[in-house]
1. Report yes if some residue within region 165-188 is assigned to a strand (DSSP E or B) and either buried (at least 16 other Cβ atoms within 10 Å of the Cβ) or at pLDDT 95 or above (or both); otherwise report no.
2. Which residue is modelled with the lowest pLDDT, if the candidates are limited to region 20-36 and must be farther than 16 Å from residue 187 by Cα and buried (at least 16 other Cβ atoms within 10 Å of the Cβ)?
3. Working only within region 1-23, note down all residues that are assigned to a loop (DSSP other than H, G, I, E, B) and within 11 Å of the chain's Cα centre (by Cα).
4. Determine, yes or no, whether residue 91 is surrounded by 22 or more Cβ atoms within 10 Å (Cβ to Cβ) and either touching a residue at least 40 places away in the same chain (Cβ under 8 Å) or closer than 19 Å to residue 155 by Cα (or both).
5. Of the residues in region 27-40, how many are in a helix (DSSP H, G or I) and closer than 24 Å to residue 174 by Cβ?
């Protein structure tokens with residue numbers, strides 16, 4: 001099972017999750033809409049892992065979803081493929097504290113609070129203490145205008161696989177086929193182990 005975790009102010013049923021469904025089949029991909037509150041996100045992930053506990057899981061995440069995919073991978077010892085991941089949301093989300101963000105795709109409105117940032121900080125510390133780099137497969141673009149790829153490399157010095165592209169931007173859509181092939185490779189390897 002592939003659990004796709006989207007980025008901030010995005011939706012589960014976006015272009016990348018649809019491409020995953022087209023590639024792997026709808027029954028093999030789940031991509032929930034994620035709130036910004038970290039407690040709620042963790043509850044959603046926990047429920048999905050319980051629901052698919054008899055299957056091999058690969059977490060796939062982009063941007064803030066990349067943080068969550070890595071967090072879930074470390075918590076449950078499943079592999080992840082993370083694309084332009086947010087390594088420290090407690091810092092990167094601070095810029096949204098003064099503004100209410102409209103998730104225009106589904107009409108949700110939310111605001112970043114200090115409590116939310118503290119929730120991310122707590123999870124960042126946990127990941128820092130519990131990281132198995134062999135679970136991480138990282139993609140990043142040098143021309144990402146949201147997350148600096150050099151900071152990404154500093155945050156993830158050791159991984160199972162690191163692929164850096166000179167182009168692709170934050171969306172990374174032009175290289176999504178390569179991301180899906182990596183997911184397929186990991187899914188196949190995981191299913192052989194089970």
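1. Going residue by residue through region 165-188, those that are assigned to a strand (DSSP E or B) are 165.
Still in the running and either buried (at least 16 other Cβ atoms within 10 Å of the Cβ) or at pLDDT 95 or above (or both): 165.
Yes, some residue in region 165-188 is assigned to a strand (DSSP E or B) and either buried (at least 16 other Cβ atoms within 10 Å of the Cβ) or at pLDDT 95 or above (or both).
2. My answer is 36.
3. Initial filter on region 1-23 (assigned to a loop (DSSP other than H, G, I, E, B)): 1, 6-14.
Residues satisfying the conditions are 6, 7, 8.
4. no
5. Of all residues in region 27-40, those in a helix (DSSP H, G or I) come to 27-28, 38-40.
Narrowing the set further to residues that are closer than 24 Å to residue 174 by Cβ leaves 28.
Of the residues in region 27-40, 1 are in a helix (DSSP H, G or I) and closer than 24 Å to residue 174 by Cβ.
The values are calculated or read from the model by the stated rules, or taken from the named source; none is laboratory data. Computed from a predicted structure; not experimentally measured. Backbone-built Cβ (ideal geometry, glycine too); neighbour counts: all protein chains shown.
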